[in-house]
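What follows draws every value from the coordinates through simple rules; no lab data is involved. This structure is a prediction, so every number in the text was calculated from the model and none was measured. As a convention, Cβ positions derive from the backbone with ideal geometry for all residues, glycine included, and neighbour counts pool all protein chains shown.
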Amino acid sequence: MVKLLLGKVLTFVLIFFLAQRASAQFASHGVSAGIHISNLNVVPSAALNNPLAFYYQPQTGYHIGGYYRTGLGLVYFQPQSWITILNHSINYRDNISGVLWEDNIDLIRLDVPLEMGIHVGPFSALYAPVFSIPLRTQSLMDIQLNKSGSWSNQIGIGFKLMAFQVSLRYESPHTFTKALVIESFQSTYAVEISQIIAVVSMRL
């Protein structure tokens with residue numbers, strides 16, 4: 001699946017590169033920032049032997065980064081690089097005793113959205129496979145990060161006004177941990193994050 005996705009992305013990049021050389025169309029670069037509303041989901045590795053019930057609410061985060069954009073006619077390709085900071089609060093309860101605990105997960109990660117899209121006038125529709133690498137996490141729980149990274153997908157719409165572009169996008173769930181271990185219960189979990197992201201970009 002990953003090889004197939006990478007093959008499609010590389011083919012798309014190659015087509016744009018050749019078209020760019022042949023037709024001398026425009027290219028631009030700039031900076032971006034965004035607000036994230038992220039939802040965290042804790043998934044037990046063994047659903048039949050799960051002593052805990054988890055409760056969580058969507059939390060806010062943000063990113064800063066940059067982009068390079070090249071286009072041909074109605075289509076464009078815009079790889080980006082973001083430093084994303086997310087903060088989550090988790091409540092979990094022992095199903096037997098009913099005792100409730102609370103913990104926080106603070107996550108910094110590198111996101112690389114490989115955005116491609118179609119624009120008509122000032123409006124655009126976009127799709128972006130996203131490669132994410134967790135850089136640091138802070139929590140009282142034992143979190144084993146998937147430092148090799150993971151893939152997810154973004155879809156969204158955008159609007160361009162002079163040097164600025166605004167987009168609203170949804171990012172599908174993906175797992176950033178090898179394992180989350182709650183030692184007192186000898187239980188192992190995976191942690192998934194999905195997001196709604198509002199992005200403002202400025203051409204330099």
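Numbers for the structure displayed
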{"quantity": "Phi to ³J(HN,Hα) by Karplus 6.51 cos²θ - 1.76 cosθ + 1.60 over the range 115-123, Hz, x for Gly, Pro", "calculated": "6, 9, x, 10, 10, 10, x, x, 9"}
{"quantity": "Distance in nm between pseudo-label sites at residue 118 and residue 155 (7 Å out along the Cβ direction from Cα)", "calculated": "1.3 nm"}
{"quantity": "Given charges at beta-carbon only (K, R positive; D, E negative), |dipole| of the range 57-172 in Debye", "calculated": "440 debye"}
{"quantity": "Residue 33-residue 204 pseudo-label distance in nm [points 7 Å out on the Cα-to-Cβ vector]", "calculated": "1.5 nm"}
{"quantity": "Dipole of the range 82-199 [Lys/Arg +1, Asp/Glu -1 at C-beta], most positive-end residue of 187, 110, 199", "calculated": "199"}
{"quantity": "Computed E for residue 125/residue 83 - FRET, C-beta separation, R0 25 angstrom, nearest 0.05", "calculated": "0.45"}
